[in-house]
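The values are calculated or read from the model by the stated rules, or taken from the named source; none is laboratory data. As the structure is a computational prediction, the values presented were derived from the model and not from experiment. Please note: Cβ atoms are built from the backbone with ideal geometry, for glycine as well, and neighbour counts cover all protein chains shown.
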Amino acid sequence: MKILWLCNVIPPVIAKQLNTETTVKEGWIDASLRRMLADINGDITLGICFPTDSLDSPYKKDCVSVKDRQIEVYSFLEHTQTPWVYDKTLDKTFTDIISDFVPDIIHIFGTEYPHAAACAKAFKKPDRLLVGIQGVMKACADEYCGGLPKEIIDSLTFRDWLKKDNIAAQQQKFTIRAGFEKQTLENAGHVTGRTAFDKEEAFKINPNLIYHHMNETLRTEFYDGNWEPERLSDNIIFVSQADYPLKGFHVLIEAMPEILKKYPDTKILVAGNSITGYTTLKEKIKIGGYGRYLRDLAVEKGIKDKINVLGRLSAAEMLERYENSSIYICTSYVENSPNSLGEAMLVGTPSIAAKVGGIPSMATDKEVTFFDKGDAKQLAECVIGVFSDREKTLRMSEAAKIRARKDHDADRNFERLMEIYKEICLK
């Protein structure tokens with residue numbers, strides 16, 4: 001059985017073999033690949049393809065050895081900084097890659113990029129095409145602006161004017177990417193998902209899909225993590241992403257004054273790059289509409305000194321933050337199954353999340369504290385509740401760990417993936 005994986009980034013295990021750089025994004029794919037390579041037998045030949053913007057030809061083929069298994073690797077040229085632009089040369093690129101590898105199954109990880117749509121169209125075998133849903137782009141496009149006032153959505157900073165890229169324009173780019181998702185699923189016969197939300201949304205696009213439930217395997221570091229409240233000295237809220245409106249960070253800023261009345265030592269730590277910097281001339285030129293809005297809101301609420309942006313974190317650094325934070329919070333206006341929430345649950349970090357999208361399929365209110373999206377008052381009440389009811393918080397932390405270790409069990413998920421591949425080949 002020859003299986004070709006189409007990934008959005010180069011998996012680190014492959015990057016290491018090719019002596020090239022990679023990214024911390026989508027680390028769960030690398031975890032899944034490592035688990036697969038540990039157990040697949042000689043009946044399976046695996047190929048991996050991924051985009052790069054550093055080729056001088058449409059694609060390049062390499063062969064690498066990982067755990068004594070040979071993998072055919074195809075890097076293909078795509079402008080990765082403009083994922084809302086469809087390059088028609090991808091059609092021929094994938095026709096050529098498919099002709100060279102001759103896969104029995106193509107497994108596309110994610111729906112939102114041009115390469116997914118191009119690959120699905122080029123394969124022309126929907127009964128052998130499996131698409132793994134990550135986010136749900138139509139819903140993300142619809143909720144992108146995060147309930148912000150229209151005047152903020154339409155506003156322009158110098159950076160926004162120069163790049164033609166304010167919040168309204170960014171939402172339109174998500175809408176374009178939702179179109180790629182639609183094309184990809186229309187050309188597929190099979191889909192993997194893990195929430196009631198992604199199942200419903202996939203069938204809206206293509207009611208003829210065969211849906212296969214499969215949970216995700218997360219990055220290996222988090223399975224050994226353990227949140228221990230005894231070592232915490234401050235009330236620290238950890239947020240894994242806050243750089244665009246969909247993630248709803250502004251809701252937490254609005255909630256903070258009420259939290260600080262009860263717990264004045266509370267601080268917020270945010271993973272990712274700062275979008276609110278306004279000290280140097282370069283920062284003032286680069287600040288976008290959402291960054292300016294967050295900065296102004298933090299100043300207005302008197303909490304600017306309560307927020308610390310940590311920059312991009314490795315898996316080990318993320319684990320350290322989960323273990324040393326009082327609460328993890330997901331304020332997104334929509335998510336399918338955020339891996340950050342899964343990671344927090346694995347570690348046992350008390351978690352609060354907006355009850356949106358697929359999140360209710362990941363946890364019950366006995367494992368995670370829920371609030372209504374955009375409701376800052378309710379979010380503040382949830383945070384205060386977690387801080388004040390220690391006994392309940394400890395019970396929920398333990399329940400979340402048990403649930404996450406079952407749902408994200410690497411062995412079970414590997415076995416399920418092998419079952420799905422066999423089911424497809426037997427069709």
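Summary table
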{"item": "Tally of residues being among the polar types (S, T, N, Q) and farther than 24 Å from Pro103 by Cβ across the stretch 389-427", "result": "2"}
{"item": "Filter result (in contact with a Ser or Thr (Cβ under 9 Å, 6 or more places away or on another chain) and either in a helix (DSSP H, G or I) or among the aromatic types (Phe, Trp, Tyr) (or both)) within the stretch 371-391", "result": "Phe371, Leu379, Cys382, Val383, Gly385, Val386, Phe387"}
{"item": "Residues of the stretch 300-313 satisfying the condition of being basic (Lys, Arg) and either exposed (fewer than 12 other Cβ atoms within 10 Å of the Cβ) or touching a residue at least 24 places away in the same chain (Cβ under 8 Å) (or both)", "result": "Lys301, Lys306, Arg312"}
{"item": "Cβ-Cβ under 6 Å pairs, at least 6 apart or on other chains, the stretch 379-408 side within 16 Å of Thr364 (Cβ to Cβ) and of a type in the set (Ser, Thr, Tyr), far side assigned to a helix (DSSP H, G or I) and at pLDDT 95 or above", "result": "Thr393/Val386"}
{"item": "Close pairs (7 angstrom Cβ cut-off, 6 or more residues apart or separate chains): in contact (Cβ under 8 Å) with a residue 24 or more places away in the chain and of a type in the set (Lys, Arg) in the stretch 285-299, surrounded by fewer than 23 Cβ atoms within 10 Å (Cβ to Cβ) and assigned to a helix (DSSP H, G or I) anywhere", "result": "Lys286/Arg159"}
{"item": "Test for Arg412: is it of a type in the set (D, E, K, R), modelled with pLDDT under 95 and closer than 25 Å to Glu254 by Cα", "result": "no"}
{"item": "Residue satisfying all of: in the stretch 255-292; hydroxyl-bearing (Ser, Thr, Tyr) and under 24 Å from the mean Cα position of the chain (by Cα); nearest to Gly146 (Cα to Cα) among these", "result": "Tyr290"}
{"item": "Residue check, Ile259 closer than 30 Å to Met137 by Cα and touching a residue at least 12 places away in the same chain (Cβ under 8 Å)", "result": "no"}
{"item": "Extreme residue, modelled with the lowest pLDDT, among residues of the stretch 38-79 that are surrounded by fewer than 20 Cβ atoms within 10 Å (Cβ to Cβ) and touching a Ser or Thr at 6+ places or on another chain (Cβ under 6 Å)", "result": "Asp53"}
{"item": "Close pairs (6 angstrom Cβ cut-off, 6 or more residues apart or separate chains): touching a residue at least 60 places away in the same chain (Cβ under 8 Å) and closer than 26 Å to Ser388 by Cα in the stretch 218-242, hydroxyl-bearing (Ser, Thr, Tyr) and in a loop (DSSP other than H, G, I, E, B) anywhere", "result": "Trp227/Thr349; Leu232/Ser326; Asn235/Tyr263; Asn235/Thr266; Asn235/Ser326; Ile236/Ser325; Ile236/Ser326; Phe238/Ser325"}
{"item": "Candidate set from the stretch 65-92 (those that are of a type in the set (A, V, I, L, M, F, W, C) and over 22 Å from the mean Cα position of the chain (by Cα)); member that is farthest from Asp39 (Cα to Cα)", "result": "Leu90"}
{"item": "Residue that is modelled with the lowest pLDDT [pool: residues in the stretch 1-37 that are of a type in the set (A, V, I, L, M) and part of a loop (DSSP other than H, G, I, E, B)]", "result": "Val24"}
{"item": "Residue within the stretch 63-71 that is in contact (Cβ under 8 Å) with a residue 24 or more places away in the chain, within 25 Å of Val13 (Cβ to Cβ), in the same structural domain as Glu21 (by TED's automatic domain parsing) and in a loop (DSSP other than H, G, I, E, B) present", "result": "yes"}
{"item": "Hey, Ile307 over 24 Å from the mean Cα position of the chain (by Cα) and over 27 Å from Ala141 (Cβ atoms) or not", "result": "no"}
{"item": "Among (1) without any contact (Cβ under 8 Å) to a residue 60 or more places away in the chain; (2) in contact with a helix residue (DSSP H, G or I) (Cβ under 9 Å, 6 or more places away or on another chain); (3) not in a loop (DSSP other than H, G, I, E, B), the one test that Asn208 misses", "result": "(3)"}
{"item": "Among the candidates Gly385, Gly311, Gly357, residue that is on the phi > 0 side of the Ramachandran plot and at pLDDT 95 or above", "result": "Gly357"}
{"item": "Single unsatisfied condition, Ser361 versus (1) part of a helix (DSSP H, G or I); (2) of a type in the set (Ser, Thr, Tyr); (3) surrounded by 20 or more Cβ atoms within 10 Å (Cβ to Cβ)", "result": "(3)"}
{"item": "Residue pairs meeting the criteria (Cβ under 9 Å; at least 6 apart or on separate chains; first modelled with pLDDT under 95 and surrounded by fewer than 24 Cβ atoms within 10 Å (Cβ to Cβ), in the stretch 94-119; second part of a loop (DSSP other than H, G, I, E, B) and of a type in the set (A, V, I, L, M))", "result": "Gly110/Ile133"}
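Table: residues versus (1) under 18 Å from Phe222 (Cα atoms); (2) among the acidic types (Asp, Glu); (3) assigned by TED's automatic domain parsing to the domain that holds Val251; (4) in contact with a Gly (Cβ under 6 Å, 6 or more places away or on another chain).
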{"position": "Ala271", "(1), (2), (3), (4)": "yes, no, yes, no"}
{"position": "Thr276", "(1), (2), (3), (4)": "no, no, yes, yes"}
{"position": "Lys284", "(1), (2), (3), (4)": "no, no, yes, no"}
{"position": "Tyr290", "(1), (2), (3), (4)": "no, no, yes, no"}
{"position": "Ile303", "(1), (2), (3), (4)": "no, no, yes, no"}
{"position": "Gly348", "(1), (2), (3), (4)": "yes, no, yes, no"}
{"position": "Ser361", "(1), (2), (3), (4)": "no, no, yes, no"}
